[in-house]
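Each value in this text was obtained by applying a stated rule to the coordinates, not by laboratory testing. Note that this is a predicted model, so its numbers are computed, not measured. Positions of Cβ are generated from backbone atoms using ideal geometry, with glycine treated the same way; all protein chains shown enter the neighbour counts.
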């Protein structure tokens with residue numbers, strides 16, 4: 001049981017398809033209501049569609065490119081969250097079977113919640129989010145992009 005003064009630990013999963021600003025806004029919307037959240041950022045690239053033979057043959061250049069993009073996205077997310085007054089730390093990057101990576105980091109960090117941003121309107125059976133929900137010990141919160149009308153309203157008022 002958490003003490004009243006303890007911080008809420010959140011593992012925020014950012015996938016390769018997201019740009020930093022949208023991911024940060026998604027995370028911010030969720031964690032804003034928690035008092036003094038501690039956000040751990042995990043950048044994932046799901047390579048589960050590739051065979052083990054293909055994975056073994058990928059060269060250093062390929063992974064260097066993934067790391068460079070991940071670093072750029074994580075920096076953007078960290079900066080945006082900092083502007084919003086939310087403390088965040090980079091937990092790491094994971095390239096491979098994203099579900100396994102998320103569960104591995106969950107075991108290391110022991111978060112109170114896992115936040116995954118889903119671009120689809122609904123979580124589909126067989127999706128990464130559905131797999132993590134089924135296997136994670138921590139509660140999993142799914143966020144999605146704001147409706148286009150809401151986005152226009154937010155832009156007009158900011």
Residue count, segment 82-119, condition within 23 Å of residue 130 (Cβ to Cβ) and part of a loop (DSSP other than H, G, I, E, B), comes to 6
Flagged in segment 10-23 as under 9 Å from the mean Cα position of the chain (by Cα) and in a helix (DSSP H, G or I), in numbering order, are 23
By residue number, the members of segment 64-100 that are free of Cβ contacts under 8 Å to residues at least 60 places away in the same chain, in contact with a helix residue (DSSP H, G or I) (Cβ under 8 Å, 6 or more places away or on another chain) and within 20 Å of residue 47 (Cα to Cα) are 72, 73, 92, 93, 94, 95, 96, 99
Flagged in segment 39-81 as within 24 Å of residue 110 (Cβ to Cβ) and part of a helix (DSSP H, G or I), in numbering order, are 70, 74, 77, 78, 81
Looking across segment 84-100 at residues that are under 14 Å from residue 23 (Cβ atoms) and surrounded by fewer than 19 Cβ atoms within 10 Å (Cβ to Cβ), the single one that is nearest to the chain's Cα centre (by Cα) is 90
